[in-house]
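The values are calculated or read from the model by the stated rules, or taken from the named source; none is laboratory data. Being a predicted model, the structure only gives us computed values, none of them experimental. Cβ coordinates were reconstructed from backbone atoms using ideal geometry, including for glycine residues, and neighbour counts include every protein chain displayed.
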Amino acid sequence: MRGRVNGARASWMAAVVLVCGVLVLAGGAGCRRRGGAPEPEANGFFCPKCQLKFYTDWEVFADKCPGCGNIDLRMVIVYTCTKCGKAILDPSGAPTILCQECKAPAYAGTAPTVQQLTGWGAVKKSKSEVQ
Ligand SMILES: [Zn+2]
Ligand SMILES: [Zn+2]
């Protein structure tokens, strides 16, 4: 009897440890999401041929321009200005660009959010339009 009680207690302890571990993992992920860069929600593209700015859902990757069918697309990246901290969307793919306002270098960083893409003038395209 005594052995069975101890066994049950041990498995209960294991369950508590497991739950705590899951909470720590979930909490850690939550902290990273809040504190770091915004989670990417979309892929932004620019067509150098017809100058079309568009974006797709994060899980969709454009193979061609929905406007002219060009397959030589540029991905849009967010650059952060080292002086004013402004987020600049640019499809050049260069490691650094110049901030339009203070002419300071801006470094390539994260993928843009939907809000940033629509503000930049991109329009949403569906999977069937870009593949
Ligand atoms: Zn195009
Ligand atoms: Zn700036």
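Check whether at least one residue in the stretch 27-42 is within 22 Å of Gln115 (Cβ to Cβ), within 16 Å of ligand 1 (Cβ to nearest atom) and either modelled with pLDDT of 55 or more or touching a helix residue (DSSP H, G or I) at 6+ places or on another chain (Cβ under 6 Å) (or both), and report yes or no. There is no residue in the stretch 27-42 that is within 22 Å of Gln115 (Cβ to Cβ), within 16 Å of ligand 1 (Cβ to nearest atom) and either modelled with pLDDT of 55 or more or touching a helix residue (DSSP H, G or I) at 6+ places or on another chain (Cβ under 6 Å) (or both). Here are some conditions: (1) of a type in the set (Val, Ile, Thr); (2) out of contact with any helix residue (DSSP H, G or I) (no Cβ under 8 Å at 6 or more places or on another chain); (3) at pLDDT 95 or above. Thr110 meets all but one. Which one does it not meet? Every listed condition holds for Thr110 apart from (3). Taking the conditions exactly as written (loosely packed, with under 14 Cβ neighbours inside 10 Å and more than 17 Å from Val123 (Cβ to Cβ)), does Gln100 satisfy them or not? Answer is yes for this residue.
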